[in-house]
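Colleague: Below are the structure tokens for one structure; questions will follow.
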Amino acid sequence: RMTLPVSSKSLDDCHEAIKRAYPICAEQFQRDFPGLRLKLDYTYRSKELQFDLYKKGREYQNGVWVVVDKTKVVTKKDGTSPSHHNIYPSQAADIYIQQGNSIIWPDEKKPEVCALYKAMGRLFDLQGLVSGANWRFKWLDFPHVQVAYEIV
């Protein structure tokens, strides 16, 4: 049995559909937005790491985890029900937009930044993936891209 990493930020640990789409989308994004590039972040992560990320921006109060700082919340998934990141090879990747050495962090209060992430997401959508920047939930996960089918 293979020993899984606690986490990965490598395309090598991704589903084939993400491996194929990422270089295509990254190249097109740079053509569309000179001076900006895509930066791959988390691909695979263990359920334990998922829970550690879930706790960010939350406190345990009266038997439940409560959001106390929305700006620090990383994920809505606590690791008990699997995220597309918790399957190996990873069915998801978090991808940020970078300018020089700085990340342009997603911020719903900055429409111009949201527009960049939505444009990035459309490139992945065109490759048959699903972008968290463009999905139909009440909340958006701007850097998140995943395969278009359910977790098995």
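Colleague: Using the heavy atoms of the protein chains alone and a 1.4 angstrom probe, what is the accessible area of the chain per residue in square angstrom? Mind dumping the intermediate values first?
Modeller: Numbers: 9060 Å² over 152 residues.
The answer is 60 Å² per residue.
Colleague: If you count only protein heavy atoms and use a 1.4 Å probe, how large is the accessible surface of residue 104, to the nearest 10 Å²?
Modeller: 30
Colleague: Continuing with this model, one more query. Let me spell out the model: positive unit charges on the Cβ of Lys and Arg, negative unit charges on the Cβ of Asp and Glu, origin at the Cα centre of region 56-152. What dipole size does that give, in debye rounded to 20? Before the final figure, lay out each step's value.
Modeller: Values: 12 positive and 10 negative charges, 39 e Å.
The dipole magnitude comes to about 180 debye.
Colleague: Rounded to the nearest 10 Å², what accessible area does residue 122 show when all protein chains are kept and the probe is 1.4 Å?
Modeller: The accessible area comes out at roughly 130 Å².
Colleague: Going down the list 19/110; 19/70; 39/138; 47/110; 19/109, which pairs span over 28 Å between their C-alpha atoms? Display every interim value, and only then the final one.
Modeller: Working: 19/110 30 Å; 19/70 32 Å; 39/138 26 Å; 47/110 32 Å; 19/109 31 Å.
As for pairs spanning more than 28 Å Cα to Cα, those are 19/110; 19/70; 47/110; 19/109.
Colleague: Sticking with this one: Roughly how far apart, in whole Å, are the Cα centres of region 1-63 and region 105-148?
Modeller: The distance from the Cα centre of region 1-63 to that of region 105-148 comes to 14 Å.
Colleague: Taking all protein chains together and a probe of 1.4 Å, list 68, 130 from the most accessible to the least accessible. Walk me through the numbers on the way to the answer.
Modeller: Numbers: 68 80, 130 45 Å².
Per-residue accessible area, sorted high to low, gives 68, 130.
Colleague: So, with a 1.4 angstrom probe, what is the percent of accessible area on the chain that is carbon and sulfur?
Modeller: 52
Colleague: For region 31-146, what is Rg from Cα atoms divided by 2.2 N^0.38 Å, rounded to two decimals? Walk me through the intermediate numbers first.
Modeller: Working: Rg = 14.9 Å, N = 116, 2.2 N^0.38 = 13.4 Å.
Here the Cα radius of gyration is 1.11 times the empirical estimate.
The values are calculated or read from the model by the stated rules, or taken from the named source; none is laboratory data. Predicted model, so just to flag it, every value in this text is computed and none were measured. In this analysis, Cβ positions are derived from the backbone assuming ideal geometry, glycine residues included, and neighbour counts consider all displayed protein chains. Quick note on the areas: whole protein, heavy atoms, side chains included, nothing else; ligands and nucleic acids left out. Shrake-Rupley method; radii C 1.70, N 1.55, O 1.52, S 1.80 Å.
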